[in-house]
1. Taking N156 and the conditions (1) over 14 Å from M225 (Cα atoms); (2) at pLDDT 95 or above; (3) not assigned by TED's automatic domain parsing to the domain that holds K128, which numbered condition does it fall short on, given that it satisfies the others?
2. Quick check, is L100 of a type in the set (A, V, I, L, M, F, W, C) and at pLDDT 95 or above?
3. Restricting attention to region 134-144, which residues are surrounded by 23 or more Cβ atoms within 10 Å (Cβ to Cβ) and either touching a Leu at 6+ places or on another chain (Cβ under 9 Å) or of a type in the set (D, E) (or both)?
4. Return the residues of region 165-181 that are in contact with a helix residue (DSSP H, G or I) (Cβ under 9 Å, 6 or more places away or on another chain), surrounded by fewer than 14 Cβ atoms within 10 Å (Cβ to Cβ) and not in a helix (DSSP H, G or I); say none if nothing qualifies.
5. Picking from K168, K150, K157, K128, which residue would you name as being of a type in the set (K, R), closer than 15 Å to D12 by Cα and without any contact (Cβ under 8 Å) to a residue 60 or more places away in the chain?
6. With a cut-off of at least 3 residues that are farther than 24 Å from I329 by Cβ and in contact (Cβ under 8 Å) with a residue 40 or more places away in the chain, name the strands (runs of 3 or more DSSP E) lying wholly within region 235-313.
7. Tell me which residues, restricted to region 262-305, are more than 14 Å from S242 (Cα to Cα), of a type in the set (F, W, Y) and surrounded by 14 or more Cβ atoms within 10 Å (Cβ to Cβ).
8. Would you mind telling me which numbered condition in (1) of a type outside the set (K, R); (2) assigned by TED's automatic domain parsing to the domain that holds A125; (3) farther than 29 Å from H96 by Cα S139 fails?
Amino acid sequence: MNHRKILHIDMDAFFASVEQRDNPDLRGKPIAVGGGDRGVVAAASYEARKFGVYSAMPSVTAKRKCPNLIFVRHRFDVYKKASRQIREVFAKYSNHIQPLSLDEAFLDITENIANHSSAKETALAIKKDIFETTGLTASAGVSFNKFLAKIASDINKPNGIYVITLEKAPAFLDALPIGKFFGIGKVTEKKMKARGIHFGKDLRPFDKFEMAKRFGKSGRYYYNMINLLDERPVKHVTKRKSIGTERTFNTDIESFGIAAMHISNLTKRLMKTFQKTDDRVKTITIKIKYEDFVLKTRSKTIKNYTKSERKIISVAKDLLKQDKLIKPIRLLGVSLSNFESEKIFSSKQTTFDF
C-alpha cells in the first residue's frame, strides 16, 4: 500500500531571521521584532529564545529576561515578499500546498513531480531552494499524515529535518511527552498530567468513547492522532481566478492614442507576472473610469487559449476602440481570467520512499 507523503515546512524564527538577514549588525544577537515600551513581541531570534523570550510576550517581560534584547520595528511588506518567494519554491515540488501562515505550510508530495528518490530528498531540496532564493533557513517534517509532519518539523529546529515513517510512528508517539502533541495546550496538558497521562502511550489504552467522555469533543481528535487515523487532506489553496493591474492618472486622458499607449504599457506590466505562471488565458478585460467616476468594463473571450503578449495587447486595444471616449479618463485597467494550465500531470502512482 502506498501511503501519502506529507511535508510540513516551517521557517526558522521567520520575522527575526529576515531582520538579521537584511542587517548584518543584528546577526548573532538577541532581537525581538515588534515590542516597544508597551507592546508585545511579534517574533524573537533564537539568540533571544535562549533567555526565554518568545512571541506574544510583553516587551517589559522580554527585556527583564534579556537585558541586552534589541527591539526592531516590523516590516510586514518585506516578510510578505519573502513569503511569496517561498511559496513559489513550494510550487516547484507540489501541486497541493496548504499555507498555514506567512512562514509555514503543508505540502502533499505523494505525486512525485520533482522526481526525487525519497520524500526526505524532496524536503532537503526544498530547504536548499528556499535558502538560495531568500537567504533564510527552514525546518522540515516528513511523514504520512499532517499531524506527524507538523510535530516532526519542530524536532530538529533550526534548519533541521526529521522523518517519521509508518514503522517508526507507534514507538515515536508512545515516547512523546503529552505537551509536545500538536493541539494540546498548557491547560489541557496540566489536566492530562493530573490524570496520569504524561506520554502518548498513556493515551493508547482508551477507546474512542472513553476518550470523548474524558476530553469532550477533542477526545475524538486525540484518539485519531494516537491511533494514526489522521486522514485530513492537504487543502490546496485555489489559484486566483484573475490577475490584473490598473493606473489612476494625475491628469485625465482625452486622446485615444494616449489611452491606447497606457493600455499597452499596463498589459506589458501584467505579462511580466503572467509569464512566470504555467497558465494560458482566454478572457481579456479592460476597465475604464471616467472623470465623473462612471465605471465601465469590457471583456472578450477569444477562441483559443494564449500566452502571447502581442495577442493580448491587440485584444485589449480593440476593446478600448469600442468605447467612444466621449469623456476624459481618470483610470485604466487590464485583467486576465479564464485560465488553462499548460502543465499536464500524470495521475500514475509511483513507488516513492520516505
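The values are calculated or read from the model by the stated rules, or taken from the named source; none is laboratory data. What you see is a predicted model; the values in this text were computed from it and never measured. Neighbour counts are summed over all protein chains in view; Cβ atoms, including those assigned to glycine, are modelled from backbone coordinates with ideal geometry.
1. For N156, the exception is condition (3).
2. Against the criterion (of a type in the set (A, V, I, L, M, F, W, C) and at pLDDT 95 or above), L100 does not qualify.
3. Scanning region 134-144 gives A140, G141, V142, S143.
4. Across region 165-181, the qualifying residue is only P177.
5. The unique qualifying residue is K128.
6. 279-290
7. The answer is Y290, Y305.
8. It is condition (3) that S139 fails.
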